Every structure is written in C-alpha cells, then in structure tokens.
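Taken together, the values in this text are just the output of simple stated rules run on the coordinates, not laboratory data. For clarity, every value in this text was computed on a predicted model and none was experimentally measured. When we count neighbours, we look across all protein chains shown, and the Cβ atoms used for this are built from the backbone with ideal geometry, even at glycine.
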Amino acid sequence: MSAAMVVPAAADPLPAFDFSDCPTIPAGADPAQWRCEVLISHGSVKIGRLPELEISGMRTTFAEGRRSGEYAQVFGALRAEPVRVRGSWVRLEYAGFADFLSVGDRLGEQHLKLSVRAPWLPRHCTIGSDEDPIVVKPVRTARTEVVSQEPLVLRFSMRDNEFAVPGADQCGPLSRVIERRFGVPAAAGANGLELTTFVSIRGYATP
C-alpha cells in the first residue's frame with residue numbers, strides 16, 4: 001500500500017500490532033523484496049437499515065512484493081470483533097478478494113461479507129457472500145501521517161459511501177426475516193464505511 005503524502009505527526013498512542021497472520025510469500029520469491037503489512041482500523045460501518053456499527057481494532061494483514069519482476073500481493077487475514085445488534089451478533093469478514101494497491105487517493109478494493117450469528121440462525125448465515133460480496137473501494141480522506149519512526153507506523157483515514165450491500169446468504173428459511181430486519185439488499189448510497197487506520201510494516205528478510 002503506497003502512502004500518498006507522508007508527513008510527520010504528533011505522538012499518538014499506538015495499537016498493538018500482531019504479525020502472526022503474515023502469509024507465506026510465493027515460492028522462489030526474494031524475501032528482501034517482500035514485506036508484511038498489518039492494518040489496525042477503527043471507525044464505523046452503515047449497512048441498510050442497521051444502526052451505525054462501531055468498528056474497533058479490526059486487523060487486516062497482507063504481504064506485498066515483487067514476483068518475476070511484477071508487483072504482487074498475498075492476503076493474510078481479516079479479524080474483526082463481533083458487534084451486538086437486533087438480537088444477533090454481526091461481524092465483518094473477508095469474502096475472497098483484496099487488492100491493496102493504492103492509485104492516488106484510491107485505496108484499492110476489498111470484498112467483504114457480514115456474518116450474522118444467533119441461536120435461531122444457521123451457522124454460516126451472512127449478508128453478502130464470496131460469490132456476491134460487499135465490494136468496498138475506499139478513498140483516502142486524510143493524508144498519510146507518520147506517527148512513529150521506530151517502529152515505523154503510519155496513519156490515514158478513508159471512506160466509501162458508494163457500495164451496495166447484497167441480500168442474505170445461507171440463512172435458511174429465515175433469510176427474508178434477516179433481510180427485512182437489516183434492510184438488505186441495500187443500493188449504493190444507503191451504506192457507508194469510515195475508518196482511521198494505523199499501519200505497521202515488517203520485512204520478510206528481517207531476522
């Protein structure tokens with residue numbers, strides 16, 4: 001992930017970074033040309049008729065580097081805390097695709113789904129799915145800042161108010177109930193995501 005405009009920032013409390021989800025880089029790749037990035041995000045997401053959901057400490061991990069001379073990425077993991085809403089627990093999950101390459105203030109693309117858990121729902125009930133995901137294409141809303149030099153930690157803010165949200169998936173006979181309660185499918189313009197993200201980086205060649 002490239003930083004569009006890096007400037008010094010005032011001291012700020014740093015989140016705890018965990019590199020245990022760093023993925024294995026491609027076979028034969030030069031570790032010196034690869035790095036693992038851990039993103040810790042805080043903010044909110046608005047989906048359909050649901051109240052604004054707080055996001056706190058969502059951790060996204062991926063690797064980027066060069067493979068056969070070309071830029072390449074390997075996804076690691078997305079880990080988010082569940083949020084209680086309308087008699088169930090919901091949590092953002094990875095839905096099979098991510099591209100973290102920034103172009104200007106465009107911060108790539110990530111496919112997500114919203115896991116829905118309740119005793120009366122099938123185990124794999126989600127809003128959106130790997131086949132029909134929530135496609136988020138965030139835009140940087142505040143310039144990237146350096147909040148720590150040692151270790152190097154960056155911070156930036158992003159937003160996407162243009163994504164649509166699909167309907168329920170694998171929710172069994174209660175799919176229509178979930179869709180009515182959550183207000184999905186929800187067209188673009190009815191949803192939103194705003195995050196402030198801290199980034200820490202570790203090289204694969206680092207002992």
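Rounded to whole Hz and in sequence order, give me ³J(HN,Hα) for segment 170-182 from the Karplus expression 6.51 cos²θ - 1.76 cosθ + 1.60, θ = phi - 60°, writing x for Gly and Pro.
The phi angles translate into 6, 9, x, x, 9, 4, 5, 5, 4, 5, 5, 5, 8 Hz.
Once every DSSP H run of n ≥ 4 in the chain is given -39500 (n - 2.57) and the sum is divided by its residues, what mean residue ellipticity at 222 nm do you get, rounded to the nearest 500 deg cm²/dmol?
Values: 1 runs with 8 residues, N = 207.
After summing the helix terms and dividing by the residues of the chain, the value is -1000 deg cm²/dmol.
Could you tell me the relative contact order of the chain? Use alpha-carbon pairs under 8 Å, at least six residues apart, and round to a whole percent. Before the final figure, lay out the partial values.
Working: 512 pairs, mean separation 50.2, N = 207.
Answer for the chain is 24 percent.
Among ILE40, SER115, VAL136, whose Cα sits farthest toward the positive end of the charge dipole of segment 7-203 (+1 at Cβ of Lys/Arg, -1 at Cβ of Asp/Glu, about the Cα centre)?
Selected residue: SER115.
What list of ³J(HN,Hα) values in whole Hz, one per residue of segment 78-92 in order, does the Karplus curve 6.51 cos²θ - 1.76 cosθ + 1.60 (θ = phi - 60°) give from phi, with Gly and Pro shown as x?
10, 10, 10, 7, x, 10, 7, 7, 6, x, 9, 10, 10, 8, 6
So, with +1 on the Cβ of K and R and -1 on the Cβ of D and E, and no other charges, what is the size of the charge dipole of the chain about its Cα centre, to the nearest 20 debye?
Working: 23 positive and 24 negative charges, 126 e Å.
About 600 debye.
Measuring from label point to label point, each 7 Å out along Cα→Cβ, what is the GLU70 to ARG202 span in nm?
With each label placed 7 Å out from Cα toward Cβ, I get 2.9 nm.
For a Förster distance of 35 Å, can you work out the FRET efficiency between the beta-carbons of SER175 and PHE19, rounded to the nearest 0.05? Walk me through the numbers on the way to the answer.
On the way: r = 38 Å, r/R0 = 1.10.
Plugging the Cβ-Cβ distance into 1/(1 + (r/R0)^6) gives 0.35.
Round to the nearest 0.05 the FRET efficiency obtained for SER56 and SER148 when R0 = 30 Å and r is the Cβ-Cβ distance. Mind showing how you got there, number by number?
Working: r = 20 Å, r/R0 = 0.67.
The pair SER56/SER148 has a calculated efficiency of 0.90.
Within segment 111-207, report the GluC sites (Glu not before Pro) that DSSP leaves as loop and that have at most 11 other Cβ atoms within 10 Å. Provide the component values of the computation, followed by the final result.
Details: sites: GLU131, GLU145, GLU162, GLU179, GLU194; in loops: GLU131, GLU162.
Listed in order of number, the matching sites are GLU131.
Note the listed values (1) 57, 22, 11; (2) 32, 19, 15; (3) 26, 20, 16, then indicate which one is semi-axes √(5λ) of the Cα gyration tensor in Å calculated from this particular structure.
It is the value labelled (2).
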